[in-house]
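For reference, the structure discussed in these notes is given below.
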Amino acid sequence: MDLSLLLTDVPTLVVVIVGVPAVLGAYILGGEFLVRRLPDRARGSVRPWIWVAPALFFVTAFLVAPAIGTVFTSFQSHGGDWIGLTNYQRQLVDFPNGGAWIAIRNNLYWLVLYTLFVLFFGLLLAVLFDRVPYESVVKSLIFMPMAISAVALGVIWKFMFWYQPADAPQTGTLNAIVVNVFHQAPKTWLTDPNVNNFALIAAAIWGITGFSMVILSAALKGIPADLLEAARVDGAGEITIFRRVIFPLMMPTVVVVGTTLVIFALKAFDIVYVMTAGNFGTDVLANRMYKLLYQADNPGGASAVAIILLLAVIPVLIFNLRQFRAVEARR
Amino acid sequence: MTAEAAARVGVSHTARFSPAWVAERLQGAVLHVAVISLTVAWMVPAAGLLISSFRHFTDINQSGWWTALAPPYNFTLENYVQVLQSSNMGQSLFNSFMITIPATLIPVTIAAFAAYAFAWMKFPGRDWIFLALVGLLAVPLQLSFIPVLKVFVSIGLVVQNWGFVGVWLAHTGYGLPFSIYLLANFFRALPSDLFESAEIDGAGTLTVFFRIVLPLSVPAIASLVIFQFLWIWNDLLVALIYVGGTKSVAPLTVTLANLTNSLGQGYNLLTAAAFISMIIPLVVFLSLQRYFVRGILAGSVKG
């Protein structure tokens, strides 16, 4: 560890920690000072723009403008010549194994399996945990993977999926079970194209279930207790109560969590990058984009993949906006 | 157990040792077995790696981690010592702090001002701009990398010249939509009488913001800070794009990912490295879990 670097960089950190709020505070104070000099009528219409201007600048500079730039890049060759749809064509040739098709297929696996299983486990755990007195402890334990990075999560699961030849002792947890309990040959979980995508998705599900559990559990607690009590008095069984009372009332929350999970599934990157680097038929769009950009030096192709990703997200985006406006209308 | 949970479990009124009482107890037992076994199963992957990280190199390669749970106990710290000496985990830990602290602070500060304007000031286009921010929550960051990189390179805002400034600014842009969304929703929920009575008393916008809104919003801001901190600390993609894997600048996630790809059989070091990378998030999480959960709830359950 290079201590000199550590010492030279800490002052930078202090300057930033003290300087940023100071500069922003001074900006707002200065803005207010100027606004007060304005005629009464103008104050109300100038002040808001001073307050939102830094935010709008950053969002425009780092999200909106670059997104538009990426659209342009996706129609250009490496040298900057306009080549129409060629980049897209290259990504979408030779269905089902050429171009980006494997990545698109895998993103679909992620979309369906990851979303459904995370919702299922989240709901199951929320309902079960709601009935035990040590709820907060078990919830914390399930939620803990949310705090760690997907990289660390990938390391944890690489170890779970570890493969040793059949004659060696199995040190990976899953293969130890496969060999010693089921008396089968050990599986190469991460390189066998029949199972590796599901192995990656399982690892991701493990990491994110706490997220859906916590939100669904909050929704569950929002269901009035007398409603459930009334159903019980009427003689409804626990399963009927879940199907007819609890589940319908939780549906809006399930939908919100579901759309968030769909976005996570489409953006899946870290776990794939760490565990297989997208090899052995496990590529996903986000990883393909990274590879095209850094390994193939193909910004046009990478941009095309990013736009394909955006197109996949757009239905969710529209749904989110409608949801938001519906909530606003009820305010 | 809260009163509500007690009501839900249904306090038993059946007589002791009657068949109904026995059936109820059995159901309860099944529930506890299900809850505890699910939780234990959920812990296995992480527990396996944690135990392995304290085992000798030769043991890790010869037997599963579960064998270490039986005597003779043979644990060691050598993996941690070795990984801290041989790889640049210490430097990476420092880099992670250097990236994360400003990249949390800057967007949260900027978002607080903007969110207040969105919540309590009137200006043309306000609702549309806010709607656009909600839309941006879903847009993949991938869409922005290439043009931003081009600009960074052309103006010399690269790690070699400016250190982490580029990645701070990028994280600011990426973190703002969520930060503004979360804070504006919170600010809006504050009772409007507060503002009106303050205005009657002649307090200016600044006074209202700094003296009333900010102090009342500490819980929301705390949630946001924790959320953003963990998000950036755990981020791999943005760090790979704007910082890269050079040893002197790589944060923990990048270093760990590089170790994963290069070590292969050297799994003993990787186990320790993974846990070193988890220490800070786990401490933050365990000590401030309440706020973190609140942030997740505020960000996801809309309205």
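Filter region A:220-237 for residues that are closer than 13 Å to A:Met250 by Cβ, free of Cβ contacts under 8 Å to residues at least 60 places away in the same chain and at the interface with chain B (Cβ under 8 Å from one of its Cβ atoms) and give the result.
Selection gives A:Leu228 alone.
Given the criteria within 21 Å of the chain's Cα centre (by Cα), surrounded by 15 or more Cβ atoms within 10 Å (Cβ to Cβ), touching a residue at least 60 places away in the same chain (Cβ under 8 Å) and more than 10 Å from every other protein chain (Cβ to nearest Cβ), does B:Val83 qualify?
Values: within 21 Å of the chain's Cα centre (by Cα): no; surrounded by 15 or more Cβ atoms within 10 Å (Cβ to Cβ): yes; touching a residue at least 60 places away in the same chain (Cβ under 8 Å): yes; more than 10 Å from every other protein chain (Cβ to nearest Cβ): yes.
It is false that B:Val83 is within 21 Å of the chain's Cα centre (by Cα), surrounded by 15 or more Cβ atoms within 10 Å (Cβ to Cβ), touching a residue at least 60 places away in the same chain (Cβ under 8 Å) and more than 10 Å from every other protein chain (Cβ to nearest Cβ).
Just to be sure, is A:Val262 more than 8 Å from chain B (Cβ to nearest Cβ) and farther than 30 Å from A:Lys158 by Cα?
Values: more than 8 Å from chain B (Cβ to nearest Cβ): yes; farther than 30 Å from A:Lys158 by Cα: no.
Taking the combined requirement at face value, the residue does not satisfy it.
What pairs come up if the first residue lies in region A:289-316 and is at the interface with another protein chain (Cβ under 9 Å from one of its Cβ atoms), the second is charged (D, E, K, R), and their beta carbons are under 8 Å apart, counting only those six or more places apart or on different chains?
Listed pairs, sorted by first residue: A:Val305/A:Arg288; A:Leu309/A:Lys267.
Identify, please: which residue in region A:15-71 is of a type in the set (D, E, K, R) and surrounded by 17 or more Cβ atoms within 10 Å (Cβ to Cβ) and is, among those, farthest from A:Gly300 (Cα to Cα)?
Of the residues in region A:15-71, the ones of a type in the set (D, E, K, R) are A:32, A:36-37, A:40-41, A:43, A:47.
Pick out the ones that are also surrounded by 17 or more Cβ atoms within 10 Å (Cβ to Cβ) and you get A:32, A:47.
Values: A:Glu32: 45, A:Arg47: 42 Å.
Out of the qualifying residues, it is A:Glu32.
Suppose we keep only residues that are more than 24 Å from A:Ile205 (Cβ to Cβ) and more than 9 Å from chain A (Cβ to nearest Cβ) within region B:38-66. Which one would you say is surrounded by the fewest Cβ atoms within 10 Å (Cβ to Cβ)? Even if it seems obvious, please write down each step before you answer.
Residues of region B:38-66 that are more than 24 Å from A:Ile205 (Cβ to Cβ), as a first pass: B:54-63.
Subsequent filtering for residues that are more than 9 Å from chain A (Cβ to nearest Cβ) retains B:54-59.
Numbers: B:Phe54: 20, B:Arg55: 22, B:His56: 15, B:Phe57: 16, B:Thr58: 9, B:Asp59: 19.
Going through the qualifying residues, I end up with B:Thr58.
Report, by residue number, each residue of region A:145-175 that is more than 21 Å from A:Val272 (Cα to Cα) and more than 7 Å from every other protein chain (Cβ to nearest Cβ).
Initially, region A:145-175 is screened for residues more than 21 Å from A:Val272 (Cα to Cα), giving A:164-171.
Of everything in region A:145-175, those that are more than 21 Å from A:Val272 (Cα to Cα) and more than 7 Å from every other protein chain (Cβ to nearest Cβ) turn out to be A:Gln164, A:Pro165, A:Ala166, A:Asp167, A:Ala168.
Please report, ordered by residue number, the helices (runs of 4 or more DSSP H) entirely within region B:113-187 with at least 1 residues that are of a type in the set (S, T, N, Q) and more than 7 Å from chain A (Cβ to nearest Cβ).
Those helices (runs of 4 or more DSSP H) span B:142-154, B:159-162.
Would you check if there is a residue in region B:254-277 being more than 10 Å from chain A (Cβ to nearest Cβ) and among the aromatic types (Phe, Trp, Tyr)?
Scanning region B:254-277 turns up no residue that is more than 10 Å from chain A (Cβ to nearest Cβ) and among the aromatic types (Phe, Trp, Tyr).
Being among the hydrophobic types (A, V, I, L, M, F, W, C), in the same structural domain as B:Ile226 (by TED's automatic domain parsing), modelled with pLDDT under 90 and more than 26 Å from B:Val218 (Cα to Cα), is that true of even one residue in region B:115-138?
Yes, the conditions are met somewhere in region B:115-138.
Given the conditions (1) under 18 Å from the mean Cα position of the chain (by Cα); (2) farther than 24 Å from B:Ile60 by Cα, and given that A:Gly154 satisfies all but one, which numbered condition is not satisfied?
Of (1) under 18 Å from the mean Cα position of the chain (by Cα); (2) farther than 24 Å from B:Ile60 by Cα, only one is false for A:Gly154: (2).
Rundown of residues vs (1) at pLDDT below 90; (2) under 23 Å from the mean Cα position of the chain (by Cα); (3) surrounded by fewer than 16 Cβ atoms within 10 Å (Cβ to Cβ), yes/no style:
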site	(1), (2), (3)
A:Thr171	yes, no, no
A:Asn175	no, no, no
A:Val178	no, no, no
A:His183	no, no, yes
A:Asn197	no, yes, no
A:Ala225	yes, no, yes
A:Pro248	no, no, yes
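May I ask you to list the residues in region B:1-37 that are modelled with pLDDT of 85 or more and either assigned to a loop (DSSP other than H, G, I, E, B) or within 7 Å of chain A (Cβ to nearest Cβ) (or both)?
B:Leu31, B:His32, B:Ala34, B:Val35 - these are the residues of region B:1-37 that are modelled with pLDDT of 85 or more and either assigned to a loop (DSSP other than H, G, I, E, B) or within 7 Å of chain A (Cβ to nearest Cβ) (or both).
Would a scan of region A:128-143 turn up a residue that is surrounded by 19 or more Cβ atoms within 10 Å (Cβ to Cβ) and under 27 Å from B:Leu270 (Cβ atoms)?
For region A:128-143, residues surrounded by 19 or more Cβ atoms within 10 Å (Cβ to Cβ) and under 27 Å from B:Leu270 (Cβ atoms): present.
If only one of A:Thr240, A:Thr253 is without any contact (Cβ under 8 Å) to a residue 60 or more places away in the chain, of a type in the set (S, T, N, Q), part of a helix (DSSP H, G or I) and more than 10 Å from chain B (Cβ to nearest Cβ), which one is it? So that I can check it myself, show each step before the final result.
Details: A:Thr253 fails: more than 10 Å from chain B (Cβ to nearest Cβ).
The match here is A:Thr240.
Tell me, which helices (runs of 4 or more DSSP H) lie completely within region A:269-331 with 3 or more residues that are hydrophobic (A, V, I, L, M, F, W, C) and surrounded by fewer than 24 Cβ atoms within 10 Å (Cβ to Cβ)? Steps first, please.
Details: elements: A:270-275, A:285-294, A:299-330.
Ranges flagged: A:299-330.
Quick one: how many residues across region B:215-241 are within 11 Å of another protein chain (Cβ to nearest Cβ) and in a helix (DSSP H, G or I)?
So in region B:215-241, the residues within 11 Å of another protein chain (Cβ to nearest Cβ) come out as B:226-227, B:229-241.
Now drop any that are not in a helix (DSSP H, G or I), which leaves B:226-227, B:229-233, B:237-241.
Count: 12.
The values are calculated or read from the model by the stated rules, or taken from the named source; none is laboratory data. Since the structure is predicted, the reported quantities are computational estimates derived from the model, not experimental observations. Note: ideal-geometry Cβ built from the backbone for every residue, glycine included; neighbour counts use all protein chains shown.
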